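Structure, as structure tokens:
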Amino acid sequence: MDNLISFGLAAGIILAFLLLHFRKIRKQEERTRAAVEKGKLHSEGPRAQHPQIDANYCIGCAACTQVCPEGDVLAMLGGKAVIVNGYKCIGHSLCAEVCPVGAIKMVMASPSVGADLPFLSPEYETSIKNLFIAGELGGLALIKNAINQGRSCVDTIASRATALGGPRPASDIYDVLIVGAGRRASAPRCEPLSES
């Protein structure tokens, strides 16, 4: 009889915790659905690089939803990660890096959405020979992406220059011209404290 009471008490406690857990999941999914609807009002979806989630591989660990510094770009719906505010995504790719099963890969927006993006070769060269674009102009936001792409562009330029050989150009001709690399912020001026 005592064992039956103990089992009944344990089952009641477990049931209470399960009910609380399922209520929490249901509220979270309601917030996610509301965020999806709000996201549809703000835009047609991601404008550039964004995560693509393979629901067949997603195990629902929610690590991707917690790591995004832009807020509620991703959320859990039906035990799977989904994009709820694609317009907020700027391509950090932290969600893809943290996914333990590789269910997320970073992709570019569809051509109809990203029609204003230039065509780039794998070396980030435009249709104009020897004109390279890196970073946000090519559809990838973030300084990290721009630096990596810029380095790749400079490596390509250096290998082309080496392949050409021949005499070194005049000193007043630039090998590389970088346009739009941001502006240098001036340091705040420090005034000495007056002694009283």
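The values are calculated or read from the model by the stated rules, or taken from the named source; none is laboratory data. It should be emphasised that the depicted structure is a prediction, and the values quoted were computed from it without experimental measurement. Neighbour counts run over all protein chains shown; Cβ positions are idealised from the backbone, glycine included. Heads up: the accessible areas ignore ligands, DNA and RNA and are worked out on the full protein's heavy atoms, side chains in. Shrake-Rupley method; radii C 1.70, N 1.55, O 1.52, S 1.80 Å.
Using 26 Å as the Cα-Cα cut-off, could you pick out the over-long pairs in K24/K105; K24/K80; K27/K88; K105/K144; K105/K129?
On the way: K24/K105 29 Å; K24/K80 15 Å; K27/K88 23 Å; K105/K144 17 Å; K105/K129 30 Å.
Check vs 26 Å cut-off fails for K24/K105; K105/K129.
Shown are D72, D172, whose ranking by accessible area with a 1.4 Å probe and every protein chain present, most to least, is D172, D72. Of the residues T162, T65, ranked by 1.4 Å probe accessible area with the largest first, the sequence reads T162, T65.
Counting Lys and Arg as +1 and Asp and Glu as -1, what is the net charge of the other residues whose Cβ lies under 14 Å from the Cβ of A103? Surrounding charge for A103 is 0. Highest mean packing comes first when the peptides 77-86, 7-16, 24-33 are listed by Cβ atoms within 10 Å, giving 77-86, 24-33, 7-16.
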